[in-house]
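What follows draws every value from the coordinates through simple rules; no lab data is involved. Please read these numbers as outputs of a predicted model, since none were measured by experiment. Here the Cβ is made from the backbone with ideal geometry for all residues, glycine too, and neighbour counts use every protein chain on show.
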Amino acid sequence: MKAAVGSAIEVRGLCKRVADALGELTILDNIAFSVEQGQSIAITGASGSGKSTLLGLLAGLDTPTEGSVTLLGQSLFDLDEDGRAALRAKSLGFVFQSFQLLPNLTALENVMLPLELSGLEAAGPAKRMLEQVGLAQRLHHYPSTLSGGEQQRVSLARAFVQKPALLFADEPTGSLDEATGARVIEMLFSLYQSLGTTLVLVTHDPVLAARCARQLVLQGGRLVSS
C-alpha cells in the first residue's frame, strides 16, 4: 500500500480484537484516517476507548487483527519485527507519561543513547538539545535527582535529538502538575514546529488537544470524529 502524496500516516480498516472469557473483545473497529506531513493531531476519548492500543499500532509496537498502517510511504505490517524496529529507530520519536529514562544514565547519556544506537555522533547534538530545553546545568544529573518536569524535558530532548519525522506522545503531562505540564507542552510544540515533525498526541486534556490542528475522538473503539 502506498501512502498518499504528502501523507505521513495512512490508516485503513484497522481492527484489533482479542480473546476474552466471553469469546472475543473488539478493542478497535474499522479505524481509518490520514495525517499530513508536519500536521499535529490529538487522539482523545474516555479511558478504555482504545487510544493507547491505536498508538501502539501506529508505532508498530503491536499488530492488528485486520487493516493496514502506512508510515512515511512504508506499509508497516509488511515489515517483520526487526524491520519495524529499524523504522522506529530511524524515523520515530516517543514521549511517555512515565518518562522512561534509564536510571543508571545521566541526562546527557539518556539523550545520547538513540544517536549512539544509530551509529551517529552523539555528545554534541545531545548537549545542544538539552540546552534547548533549558537543562544546560543538568547534563550530568541522574534521573533520580531531577524533578518530574526536568525528567520530561530530558525525554523531550531524547525524542527530538534525531529530528524524527514522526513523534508519538502518550499523555506527556499526565504525571506533572498543571504549571509544569504547561511549560513542557510549550517546549513540545516549539520543537515540533521548528523541526517540521508530524505530531500524534494521546491526551485526556481538552485544552491540550485543542492545541493540535485536528482531533480524532475514539468512543468504544470506533472513530466518532476526525
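Within segment 212-226, being buried (at least 17 other Cβ atoms within 10 Å of the Cβ) and in a loop (DSSP other than H, G, I, E, B) holds for Cys212, Gly221.
When you scan segment 88-145, how many residues do you find that are assigned to a loop (DSSP other than H, G, I, E, B) and among the charged types (D, E, K, R)? Counting residues in segment 88-145 that are assigned to a loop (DSSP other than H, G, I, E, B) and among the charged types (D, E, K, R) gives 1.
Among the residues examined, Ala123 qualifies as surrounded by fewer than 17 Cβ atoms within 10 Å (Cβ to Cβ), over 19 Å from the mean Cα position of the chain (by Cα) and over 27 Å from Leu58 (Cα atoms). For first residues located in segment 167-188 and farther than 15 Å from Gln97 by Cβ and in contact (Cβ under 8 Å) with a residue 12 or more places away in the chain, partners that are assigned to a loop (DSSP other than H, G, I, E, B) and among the aliphatic types (A, V, I, L, M) and lie 6+ apart or on another chain with Cβ distances below 6 Å form the pairs Met187/Val133. Taking first residues from segment 17-45 that are closer than 23 Å to Leu195 by Cβ and partners that are part of a strand (DSSP E or B) and of a type in the set (Asp, Glu), the Cβ contacts under 8 Å between residues at least 6 apart in sequence or on separate chains come to Ser34/Glu10. Note on segment 6-16: among residues that are farther than 18 Å from Ser52 by Cα and touching a residue at least 40 places away in the same chain (Cβ under 8 Å), the one that is nearest to the chain's Cα centre (by Cα) is Ala8. Just a yes or no: is a residue in segment 194-203 β-branched (Val, Ile, Thr), farther than 30 Å from Val18 by Cα and touching a Pro at 6+ places or on another chain (Cβ under 7 Å)? Within segment 194-203 (the criterion being β-branched (Val, Ile, Thr), farther than 30 Å from Val18 by Cα and touching a Pro at 6+ places or on another chain (Cβ under 7 Å)), the answer is yes, since at least one residue qualifies.
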